[in-house]
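Quick notes on the structure that follows.
The values are calculated or read from the model by the stated rules, or taken from the named source; none is laboratory data. Everything quoted here is computed from the prediction, not taken from an experiment. Note: ideal-geometry Cβ built from the backbone for every residue, glycine included; neighbour counts use all protein chains shown.
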């Protein structure tokens, strides 16, 4: 049986998972591609470092020299699992220019330089696959490019960050504050020691950029994504959500209408019967709305060595098949649509608002007149006294649909209103009718 | 731009949906395949029949003669949406032998003759795609063959029949009996006027056979699937499920262990936090467990003209791409594994049992001794009097895991036990720890 050599850049947990799959699923993989795929060489930073994976590479499979991977003419596909942006970009560019196909799990890189790298791949008739960069083991990029190839995608909503979904799930289920749950998540390995990129929504934003590029066939940039994290969410907010039949999730949203798109990562309130509402703990899911197909959702593990390795090796299978058929680099095309980002006046949504106001005559009139001025009506409104605070009432509002520019003006006006003590929280409400 | 002709067998609702997508998404499809795909000819039974779709075909696009589709050398891919088994099998065989690739939505045909037709396709270097045959618009077959290509699938559980899921959802939500909800479903178009194939589980069984063939790379037959429908489910059963934190769903299950598989369609009780439990109304979902990836789920519409057409046209896109790349018929392979069906002694599960028993001294002892004899222990047991029935008690049991042969003997023993008045219901309990 023909032997096909692959190289690897980096050999951390995902790399070890890839090596394990290549070994344990050898027979199935041979059946899939009609050849024996083997890992010839992996670039590492330290040859002596003890490695914990199931599979131990032989000494001659490890190297400190990138050229032993990138410059080896026998190596057909290069798997990049080293992370980082600049170095990975340089290596991947070099691999593609050498005529090697590339499989990467690097979301930072693809969000920032995906268009550039895909162009280099096309120019060199190579494949560049990156399924593992979004939602780990869930084959959602294939879902978009192949399974829904015939449809026109209008909306994607993703729970695409496992850390924040774990934290929000536990906060809500156990009624425990953010900091406490985050600490626990760090101890359990569901959050990094520096969780900034996750909890501030940056990681999710990268995945939104990648999804939008593919789903809308449009070169959007990471900086086009509006980003808000979960750090200021309180257990009070979550309790209100539960009471009102909603679930609060950090959602990466990409929506298209009349050729213009909106890209955002924000905590959003979803009705409990929305398919994304039951996605719990560290799981990920991407909800996709297509004009013809309607609602679909892809659910699964968003991280972890073996799930991510599954996506990498499935990409590798396609890459090797394409090579054997002589059709590498044929699926990469220029984006069909020019980029147009929606202005705030075309971003429509409902909003949840929780205010502390003075419990005095005239408060309600002052408040409602501001909403009336902006022509924003209420879907729900509840008022009650705040325990332990004299003369203070809490008002919770869900608005009817309004545009973002109007809502921003409304928030300004509320802030400057004398009877409003504080805007305690404000969330976008999505997914309802 | 190159023009590529496709033909169609049948022009019902799905056919009309396909024509509509080819028309409305013309620009996107051209971008996907780099050619202009057009519907040259559709075989119909009646040229004069008024057609209700969005797209009206011209007179010269309709024909009563199959040969005008199958014998036209210009037609590259044939779309089969006529349904039926024998006629469709004959036409598809002919098309493949003429060197035409085929896209079909025909689950009956693929469940019965899939292996044979795939072989003919491979022999003639043609593609035969059938994504639309399982779970309508959900790209689950691609998920299995491409997205999870590198993994070893050990379990698939599908809600793959929209009619039964709609009926069970409404029965449970509204506490209304089967017959009443079924009638309503028929009026609303969620159930056929003859619902037998759906409610008896036969339709789901076809999809289980197709999924198992692909996911396990094993030629199973429709007759290997154990089938039980939903017709005897009562609102009482559903109430007990809710009380105990379970959801009752008609599940198509395919499980593999040590090279042997189990194939079944049955009502099964799932814990409420199982991903399939929140799949409501007419929606479908396929839950897949892979050794490496763990839990994934694909959710979406299981039927409907446009969702099904999305799957058909996405297959068409792949078929046309393959033709242009000269790689048609390359993805079809012989199954990797020989068929081995698990005997009852290797099918393990928990079971829910609801019994009416004589409310008399010794009943409990008689009952528990039978369970003890078969070495089946209780996970839960509740007893209370039955309202309106003198001297009758109801006992609800959930067993610990046991094998199917033991459970069958246990049911026999219970039936013949003097103190047991009736076994009111019995369901398999799945998806827990």
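In this structure, is residue A:429 in contact with a helix residue (DSSP H, G or I) (Cβ under 7 Å, 6 or more places away or on another chain) and crowded, with 18+ Cβ neighbours inside 10 Å? For residue A:429, the condition - in contact with a helix residue (DSSP H, G or I) (Cβ under 7 Å, 6 or more places away or on another chain) and crowded, with 18+ Cβ neighbours inside 10 Å - is not met. When residue A:341 is tested against (1) facing another protein chain (nearest Cβ under 9 Å); (2) modelled with pLDDT of 95 or more; (3) under 24 Å from residue A:151 (Cβ atoms), just one condition goes unmet, and that condition is (1).
Here residue B:289 fulfils each of the conditions (1) at pLDDT 95 or above; (2) in contact with a helix residue (DSSP H, G or I) (Cβ under 8 Å, 6 or more places away or on another chain) apart from (2).
Under the condition of being more than 8 Å from every other protein chain (Cβ to nearest Cβ) and surrounded by fewer than 24 Cβ atoms within 10 Å (Cβ to Cβ), the residues counted in the stretch B:138-152 number 1. Among all positions in the stretch A:153-165, there is no residue which is free of Cβ contacts under 8 Å to residues at least 24 places away in the same chain and farther than 24 Å from residue A:9 by Cα. Could you tell me how many of the residues in the stretch B:53-67 are surrounded by 10 or more Cβ atoms within 10 Å (Cβ to Cβ) and free of Cβ contacts under 8 Å to residues at least 40 places away in the same chain? Count: 8.
Annotation for the stretch A:156-163: at least one member residue is more than 14 Å from every other protein chain (Cβ to nearest Cβ) and in a loop (DSSP other than H, G, I, E, B). If the condition is being more than 20 Å from residue B:347 (Cβ to Cβ) and either buried (at least 17 other Cβ atoms within 10 Å of the Cβ) or without any contact (Cβ under 8 Å) to a residue 12 or more places away in the chain (or both), then the stretch B:213-245 contributes B:214, B:217, B:219, B:230, B:233, B:237, B:238, B:240, B:241, B:243. Taking the conditions (1) farther than 30 Å from residue B:25 by Cα; (2) away from chain B (no Cβ under 14 Å); (3) free of Cβ contacts under 8 Å to residues at least 12 places away in the same chain in turn, residue A:258 satisfies each one other than (1). If you filter the stretch A:120-137 down to residues that are at pLDDT 95 or above and in contact with a strand residue (DSSP E or B) (Cβ under 6 Å, 6 or more places away or on another chain), you find that the one that is nearest to the other protein chains (Cβ to nearest Cβ) is A:129.
Taking the stretch A:144-161 as the range and being modelled with pLDDT under 95 and under 27 Å from residue A:199 (Cα atoms) as the test, only A:144 passes. Given the residues B:3, B:40, which is the only one that is within 25 Å of residue A:146 (Cα to Cα), buried (at least 18 other Cβ atoms within 10 Å of the Cβ) and more than 14 Å from chain A (Cβ to nearest Cβ)? Testing whether each residue is within 25 Å of residue A:146 (Cα to Cα), buried (at least 18 other Cβ atoms within 10 Å of the Cβ) and more than 14 Å from chain A (Cβ to nearest Cβ) leaves just B:40. Just one of the listed residues (A:248, A:253) is crowded, with 20+ Cβ neighbours inside 10 Å and either touching a helix residue (DSSP H, G or I) at 6+ places or on another chain (Cβ under 6 Å) or not assigned by TED's automatic domain parsing to the domain that holds residue A:185 (or both), and it is A:248. Output yes when any residue across the stretch A:23-30 is out of contact with any helix residue (DSSP H, G or I) (no Cβ under 6 Å at 6 or more places or on another chain), surrounded by 18 or more Cβ atoms within 10 Å (Cβ to Cβ), away from chain B (no Cβ under 14 Å) and in a loop (DSSP other than H, G, I, E, B), and no when none is. No, because not a single residue in the stretch A:23-30 is out of contact with any helix residue (DSSP H, G or I) (no Cβ under 6 Å at 6 or more places or on another chain), surrounded by 18 or more Cβ atoms within 10 Å (Cβ to Cβ), away from chain B (no Cβ under 14 Å) and in a loop (DSSP other than H, G, I, E, B).
Which ones in the stretch A:209-234 are assigned to a helix (DSSP H, G or I) and under 22 Å from residue A:197 (Cα atoms)? Matches in the stretch A:209-234: A:209, A:210, A:211, A:212, A:213, A:222, A:223, A:224. Out of B:288, B:251, I need the residue that is closer than 24 Å to residue A:147 by Cα and within 10 Å of another protein chain (Cβ to nearest Cβ). Which one? Residue meeting the stated conditions: B:288. Among the residues making up the stretch B:292-321, a single one is out of contact with any helix residue (DSSP H, G or I) (no Cβ under 6 Å at 6 or more places or on another chain) and more than 8 Å from chain A (Cβ to nearest Cβ): B:319. Among the residues making up the stretch B:402-433, those that are in a loop (DSSP other than H, G, I, E, B), more than 30 Å from the chain's Cα centre (by Cα) and either outside the structural domain of residue B:364 (by TED's automatic domain parsing) or under 25 Å from residue B:348 (Cβ atoms) (or both) are B:416, B:417.
Just one of (1) assigned to a helix (DSSP H, G or I); (2) crowded, with 23+ Cβ neighbours inside 10 Å; (3) not assigned by TED's automatic domain parsing to the domain that holds residue B:121 fails for residue B:319. It is (3). Within the stretch A:328-336, is even one residue closer than 30 Å to residue A:4 by Cβ and more than 27 Å from the chain's Cα centre (by Cα)? Yes: the stretch A:328-336 contains one or more residues that are closer than 30 Å to residue A:4 by Cβ and more than 27 Å from the chain's Cα centre (by Cα). Apart from one condition, residue B:281 fits all of (1) assigned to a loop (DSSP other than H, G, I, E, B); (2) more than 9 Å from chain A (Cβ to nearest Cβ); (3) farther than 24 Å from residue B:248 by Cβ; (4) touching a helix residue (DSSP H, G or I) at 6+ places or on another chain (Cβ under 8 Å); the exception is (3). The set of residues from the stretch B:43-79 being at pLDDT 95 or above and within 14 Å of another protein chain (Cβ to nearest Cβ) comprises B:77, B:79.
Only one entry in B:210, B:288 is crowded, with 20+ Cβ neighbours inside 10 Å and farther than 22 Å from residue A:137 by Cα, namely B:210.
Return the total of residues in the stretch A:381-401 being surrounded by 13 or more Cβ atoms within 10 Å (Cβ to Cβ) and in a strand (DSSP E or B). Selection size over the stretch A:381-401: 11. Residue B:363 meets all of the listed conditions (1) within 8 Å of another protein chain (Cβ to nearest Cβ); (2) touching a strand residue (DSSP E or B) at 6+ places or on another chain (Cβ under 7 Å); (3) surrounded by fewer than 24 Cβ atoms within 10 Å (Cβ to Cβ) but one, namely (1).
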